[in-house]
Amino acid sequence: MKSLFGLLVIFACAYTNAQAQSLSDKHRAFQPGEIWTDTEGVHINAHGGGILFHGGTYYWFGEHKTDGRTGNRAMVGVSCYSSNDLLNWKREGVALAVHEEGSGSDIEKGSVIERPKVIYNEKTGKFVMWFHLELKDQGYNAAKTALATSDHPTGPYEFQKSLRPNPETWPINFKKSWKKKTITEKELEGWSDEWKKEVAEGLFIRRDFQTGQMARDMTLYVDDDGKAYHIYSAEENLTLHIAELTEDYLGFSGKWAVIEPAGHNEAPAVFKKDGKYYLITSGCTGWEPNAARSFVADDLMGPWTSLGNPAVGEGADLTFDSQSTFIVPVQGKKDAFIFMADRWRPENAIDGRYVWLPIQMKDGRPVLEWQDKWDFSYFDK
Ligand code: GAL
């Protein structure tokens with residue numbers, strides 16, 4: 001009897017200690033590039049992610065990576081975490097699960113599912129997830145976008161379809177004479193000035209006119225009027241496209257525009273401040289980091305003006321060893337935006353790190369400065 005009481009006391013103490021431990025373990029600051037544990041102490045697994053704010057809660061969706069180099073393929077699916085403060089994240093599980101290997105499904109295990117983003121449609125009450133999809137064993141050739149829907153923010157999401165955006169429609173900012181050009185890739189020397197000029201004048205848009213445009217790195221943006229936009233790297237990653245979605249967010253309306261023709265931009269992320277839209281992107285060097293770029297526009301459909309590399313200080317030329325994925329507006333704080341980026345670890349994908357930095361505005365430009373550690377008081381300065 002005595003020993004049973006002793007055991008109970010030991011368990012009770014252990015439990016209280018664990019509680020105390022978890023309280024003191026609560027994250028109180030962002031530490032870019034460090035291991036970022038969820039509420040169970042496990043490194044967050046939501047790469048190339050994006051945030052949805054819904055019903056007072058933030059939801060973080062991202063690629064669930066696994067060990068090793070193959071861990072960049074979709075072996076599990078899209079993860080979801082929830083948080084009330086953007087610092088402490090509870091794992092909600094797999095929001096979109098890959099389909100069984102050999103099933104022939106577009107999202108079968110071993111396909112590539114990247115940069116998932118979720119938006120909520122007020123009219124239909126559906127949560128809509130769009131992502132970049134590459135079909136199994138086809139490298140990055142499919143260059144498709146795909147979507148899944150759910151009645152709940154955390155899922156499960158049901159795969160709907162994969163597609164190439166906007167077949168047989170021209171961008172709104174495209175000259176009539178370019179539609180009729182007949183020059184093809186074969187007649188041009190790759191990367192020559194003439195080739196670049198032809199890319200900017202629709203070489204690949206015409207090539208992909210029937211099939212729909214290529215769509216790789218992507219983000220989604222919902223404007224104040226409820227209209228949603230899909231921004232993706234198209235034309236062999238040479239040009240970004242911005243395409244308006246239909247009212248239900250389940251397809252493309254047919255209205256689209258090119259951004260920075262032949263500018264070679266990837267990893268798009270958008271925010272809006274004082275009626276202006278800002279876009280942060282990366283260059284195209286695969287998993288290796290490069291210098292970020294930024295742009296501003298009065299209208300999402302453009303024209304966009306280049307503002308240069310938003311990163312400043314040591315490490316700016318490689319965006320502090322990271323690549324953009326999303327920009328989070330902090331709820332309840334005016335003009336507080338967080339730049340969300342990935343520090344990829346291609347040789348061990350699951351070990352990829354997150355680099356979240358506060359965005360400062362200086363002379364109408366977004367500016368990113370490295371911080372070892374920072375918290376929300378940064379925005380009160
Ligand atoms: C990057 C891209 C990532 C992933 C990677 C594959 O440029 O941003 O999302 O596609 O290439 O090499």
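The values are calculated or read from the model by the stated rules, or taken from the named source; none is laboratory data. The structure presented is a predicted model; accordingly, all values stated were derived computationally and were not measured. Don't worry about glycine lacking a Cβ; one is built from the backbone with ideal geometry, like all the others, and counts go over all protein chains shown. These area figures cover heavy atoms from the full protein model, side chains too; ligands, DNA and RNA do not enter into them. Shrake-Rupley method; radii C 1.70, N 1.55, O 1.52, S 1.80 Å.
Just a few scattered comments:
- Some residue of segment 145-156 being touching a residue at least 24 places away in the same chain (Cβ under 8 Å), among the hydrophobic types (A, V, I, L, M, F, W, C) and away from the ligand (no atom under 16 Å from the Cβ): yes
- Here His264 meets the list (1) within 16 Å of the ligand (Cβ to nearest atom); (2) touching a residue at least 40 places away in the same chain (Cβ under 8 Å); (3) buried (at least 21 other Cβ atoms within 10 Å of the Cβ) almost entirely, failing just condition (2).
- Within segment 71-99, residues that are on the phi > 0 side of the Ramachandran plot have Cβ atoms under 7 Å from residues that are within 16 Å of the ligand (Cβ to nearest atom) and part of a strand (DSSP E or B) in these pairs: Gly77/Ile113, counting only partners at least 6 apart in sequence or on another chain.
- Of everything listed in (1) closer than 30 Å to His43 by Cβ; (2) β-branched (Val, Ile, Thr); (3) open to solvent by 60 Å² or more (accessible area, probe 1.4 Å), the single unmet condition for Thr182 is (1).
- Members of segment 307-343 found to be among the small types (Gly, Ala, Ser), within 16 Å of the ligand (Cβ to nearest atom) and part of a strand (DSSP E or B), listed by number: Ser324, Ala341
- Failed criterion for Trp256 (all others in (1) crowded, with 23+ Cβ neighbours inside 10 Å; (2) within 16 Å of the ligand (Cβ to nearest atom); (3) under 13 Å from Ile205 (Cβ atoms); (4) of a type in the set (A, V, I, L, M, F, W, C) hold): (2)
Every residue, every condition in (1) modelled with pLDDT of 95 or more; (2) part of a loop (DSSP other than H, G, I, E, B); (3) touching a helix residue (DSSP H, G or I) at 6+ places or on another chain (Cβ under 7 Å), yes or no:
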{"residue": "Glu34", "(1), (2), (3)": "yes, yes, no"}
{"residue": "Gly41", "(1), (2), (3)": "yes, yes, no"}
{"residue": "Gly49", "(1), (2), (3)": "yes, no, no"}
{"residue": "Phe53", "(1), (2), (3)": "yes, no, no"}
{"residue": "Trp60", "(1), (2), (3)": "yes, no, no"}
{"residue": "Lys65", "(1), (2), (3)": "yes, yes, yes"}
{"residue": "Thr70", "(1), (2), (3)": "no, no, no"}
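- Single unsatisfied condition, Asp248 versus (1) assigned to a loop (DSSP other than H, G, I, E, B); (2) within 16 Å of the ligand (Cβ to nearest atom): (2)
- Residue that is open to solvent by 20 Å² or more (accessible area, probe 1.4 Å), in a loop (DSSP other than H, G, I, E, B), closer than 30 Å to Pro358 by Cα and not small (Gly, Ala, Ser), where the choices are Asp106, Asp85: Asp85
- Tally, over segment 271-306, of residues that are within 16 Å of the ligand (Cβ to nearest atom), part of a strand (DSSP E or B) and open to solvent by less than 20 Å² (accessible area, probe 1.4 Å): 4
- Residue check for Ala257: outside any loop (DSSP other than H, G, I, E, B), on the phi > 0 side of the Ramachandran plot and of a type in the set (A, V, I, L, M): no
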